[in-house]
Amino acid sequence: MSIYENVKENIKIAIFSLQDNILDEVVDKITKKFFNVEIYDDSVKLKKDIEKNNINIAVICDFNEKIVNEYSNISNKENIIFLKCKENEEYAENKEIYNIVDIKNLTREINRISNNIVQQEKIMFQNFKLNTVSNLVDTISHQVQANLLYIGASLDVIKMLAEDKDINNNKEKKGILENLYEKNSLSLQKANMLLELMSDATNISSESIMKSDNIIDVINLILEENIKENNINLNISQKLKDNSYICGPLNDIIFIICRIVKDMIINKEENITLDISEDESNWYFKIETVNKFKNRKNLSEINKNILYLSGVNCILSSDKVIIEINKIR
C-alpha cells in the first residue's frame with residue numbers, strides 16, 4: 001500500500017458562499033468526488049483557517065474587491081479558487097484575479113490543485129525522513145562499526161584456538177571458542193539488522209514484518225550510546241503474545257520512535273518508558289516521560305508526518321506519545 005494513498009482523500013476543501021442557490025450547486029458538484037468539504041459563511045474566518053493550514057483548498061463563490069484584496073497577500077493563494085458565476089461575472093471580467101474558473105471546470109481545477117498538494121507532501125515527507133535518518137546515522141554507524149570491530153578482533157583468537165590440535169580435549173579452550181562464536185553471531189546479527197534498516201530508510205513505503213523482540217533490540221542499539229552518555233533510564237516493556245510479529249511501515253516507526261526518545265534525552269528527560277502492547281485492532285507504541293515534554297515543536301512535526309503513514313495514527317498529549325499501527329490493511 002502506498003504511503004500517499006490517503007493523502008488526497010484527506011484534503012480539506014472549504015466553500016464560501018452566502019447565496020443558497022450557488023452553494024447548493026457547488027456542494028452537489030464537489031461532494032460527488034471529494035469527501036472533506038466544509039461550508040463557510042465568514043470569509044475572514046476562512047482566511048485564518050487557510051493561513052493556519054486547516055484548509056487545503058478554498059472555493060470562494062461570492063467575491064468583490066474587498067474579498068480579493070483580503071486574499072491577495074495570503075502565502076498559499078494558489079490553492080484558492082474564485083468561482084465565476086452570474087452574480088460576479090462583470091467584476092471577474094474586469095479584475096485580475098489569481099485563479100478564476102466557471103463551475104463546469106471546478107472539479108478539474110480542484111483535482112489539479114490536489115495533485116500539486118500531494119506532490120508537495122511527498123517532498124515534505126521525504127525531507128522529514130531524511131532529516132530523521134541523518135539525525136540518527138552517527139549512532140547507527142558507530143554501532144555497526146563497533147560490532148564489526150568486535151568480530152574482527154575475535155577472528156585472531158578463533159584462528160589461534162582453531163589451530164590447537166588438542167582443542168577438543170581442552171574444555172576451557174573449547175568453551176572460549178564456543179563463547180566467541182556465539183558472541184560473533186550476535187554481533188553480526190546486530191550489524192545486519194541496522195544495515196537492513198538503513199538500506200530501507202529512504203523507501204517511499206516499505207511494509208515489513210518484524211519480531212517484537214527484534215524491534216526492541218534495534219531501538220536499544222540505536223539509542224545505546226545516547227542513553228549511556230546522558231545517564232538516562234529507558235525502560236522498554238512489551239505486553240504481547242510470545243514470539244509476536246508486528247507488521248506495517250516498521251522502518252519509519254523505528255526511526256520516529258528513536259528520534260522522539262533522542263529528543264527527550266537531549267532535553268534532559270531522565271525517565272523514559274516505551275511500552276509495546278496490542279488489542280484486536282492495533283499495535284501500540286507508547287512513549288512516556290515523568291515530566292511534560294519540553295520540545296512540543298518537534299513532536300508536532302513528527303505527529304504531522306506520521307499521518308502520511310498508511311494505517312498509522314498518533315495520539316499526542318503533554319507527557320506521552322502513542323503510535324498506533326492498524327492490524328487490518
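If you scan segment 303-323, which residues turn out to be among the β-branched types (V, I, T) and touching a residue at least 60 places away in the same chain (Cβ under 8 Å)?
If the condition is that a residue be among the β-branched types (V, I, T) and touching a residue at least 60 places away in the same chain (Cβ under 8 Å), then V312, V321, I323 are the ones that fit.
Looking only at residues that are at pLDDT 85 or above and over 24 Å from K292 (Cβ atoms) in segment 313-329, which one is surrounded by the most Cβ atoms within 10 Å (Cβ to Cβ)?
I325
One line per residue, one yes/no per condition, for (1) at pLDDT 85 or above; (2) assigned to a helix (DSSP H, G or I); (3) among the hydroxyl-bearing types (S, T, Y); (4) surrounded by 15 or more Cβ atoms within 10 Å (Cβ to Cβ):
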site: V68; (1), (2), (3), (4): no, yes, no, yes
site: I97; (1), (2), (3), (4): no, no, no, yes
site: E109; (1), (2), (3), (4): yes, yes, no, yes
site: F125; (1), (2), (3), (4): no, yes, no, yes
site: V137; (1), (2), (3), (4): no, yes, no, no
site: I140; (1), (2), (3), (4): no, yes, no, yes
site: Q143; (1), (2), (3), (4): no, yes, no, yes
site: Y150; (1), (2), (3), (4): no, yes, yes, yes
site: K165; (1), (2), (3), (4): no, no, no, no
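Any idea which residue in segment 53-66 is nearest to N115 (Cα to Cα), counting only those that are in contact (Cβ under 8 Å) with a residue 40 or more places away in the chain and outside any loop (DSSP other than H, G, I, E, B)?
Here the answer is I57.
Looking only at segment 197-212, filter to residues that are under 19 Å from the mean Cα position of the chain (by Cα) and outside any loop (DSSP other than H, G, I, E, B); which one of those is modelled with the lowest pLDDT?
The qualifying residue modelled with the lowest pLDDT is S199.
Condition test on F82, is it at pLDDT below 85, outside any helix (DSSP H, G or I) and not β-branched (V, I, T)?
No, not satisfied.
Any idea which residue in segment 259-292 is surrounded by the fewest Cβ atoms within 10 Å (Cβ to Cβ), counting only those that are hydroxyl-bearing (S, T, Y) and farther than 22 Å from E225 by Cα?
S281
Determine whether I50 is part of a helix (DSSP H, G or I), surrounded by 12 or more Cβ atoms within 10 Å (Cβ to Cβ) and at negative phi.
The answer is yes for I50.
Can you tell me how many residues within segment 220-258 are crowded, with 22+ Cβ neighbours inside 10 Å and at positive phi?
Number satisfying all stated conditions: 1.
Hey, any hits in segment 16-24 for a residue that's surrounded by 17 or more Cβ atoms within 10 Å (Cβ to Cβ), modelled with pLDDT under 90, more than 17 Å from N76 (Cα to Cα) and not assigned by TED's automatic domain parsing to the domain that holds P249?
yes
Are there any pairs with C-beta distances below 6 angstrom linking a residue in segment 227-245 that is free of Cβ contacts under 8 Å to residues at least 60 places away in the same chain and in the same structural domain as D213 (by TED's automatic domain parsing) to a residue that is basic (K, R) and assigned to a strand (DSSP E or B), with the two at least 6 apart or on different chains, and if so which?
Close Cβ pairs satisfying both conditions: Y245/K211.
The values are calculated or read from the model by the stated rules, or taken from the named source; none is laboratory data. As the structure is a computational prediction, the values presented were derived from the model and not from experiment. Heads up, the Cβs are rebuilt from the backbone with ideal geometry, glycines too, and the neighbour counts pull from every protein chain shown.
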